[in-house]
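The values are calculated or read from the model by the stated rules, or taken from the named source; none is laboratory data. On a predicted model such as this, the values are computed, not experimentally measured, just so you know. Glycine gets a Cβ as well: all are built from the backbone with ideal geometry, and neighbour counts include every protein chain shown. Accessible surface is based on the protein model in full, side chains and every heavy atom, while ligands, DNA and RNA are left aside. Shrake-Rupley method; radii C 1.70, N 1.55, O 1.52, S 1.80 Å.
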Amino acid sequence: MHEVTRTVDITHEVCPMTYVRTKLALEALGPGAVLEVWLKGTEPLRNVPRSAREDGHEVLALEPRGDGSHRLLLRKREGV
């Protein structure tokens, strides 16, 4: 189990704001911290993990939740 440093709920956001909010949350964390992101919808489910990987962050988990949303765990890349 990963210790979550911060949680951000983007279930009511639309692209591109889904990753913008996620990126801002990651920027506020220290290297190696874990961000929990709640997201919903096809585009965020596809784009947020991909964009995070492209920025060098690690996707630790992507799990469905019972309400149609997903829980994404990201580890902020080291050295930033």
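Annotations for the structure displayed:
- The set of residues in region 23-32 being open to solvent by less than 30 Å² (accessible area, probe 1.4 Å), farther than 12 Å from Arg77 by Cα and in a loop (DSSP other than H, G, I, E, B) is empty.
- Filtered residues of region 1-17 (kept if more than 12 Å from Leu74 (Cα to Cα) and open to solvent by 40 Å² or more (accessible area, probe 1.4 Å)): Met1, Asp9, His12, Glu13, Val14, Cys15, Pro16, Met17
- Among (1) open to solvent by less than 80 Å² (accessible area, probe 1.4 Å); (2) in contact with a strand residue (DSSP E or B) (Cβ under 9 Å, 6 or more places away or on another chain); (3) more than 15 Å from Val4 (Cβ to Cβ) - the single one Val20 does not satisfy: (2)
- Those residues of region 33-47 which are over 9 Å from the mean Cα position of the chain (by Cα) and open to solvent by 20 Å² or more (accessible area, probe 1.4 Å), in sequence order: Lys40, Gly41, Thr42, Glu43, Leu45, Arg46, Asn47
- Odd one out for Arg71, checked against (1) buried (at least 17 other Cβ atoms within 10 Å of the Cβ); (2) in contact with a strand residue (DSSP E or B) (Cβ under 6 Å, 6 or more places away or on another chain): (1)
- Of the residues in region 56-73, not one is out of contact with any Pro (no Cβ under 6 Å at 6 or more places or on another chain), among the β-branched types (Val, Ile, Thr) and outside any helix (DSSP H, G or I).
- Scan of region 48-68 for residues that are modelled with pLDDT under 95 and surrounded by 12 or more Cβ atoms within 10 Å (Cβ to Cβ), ordered by number: Arg65
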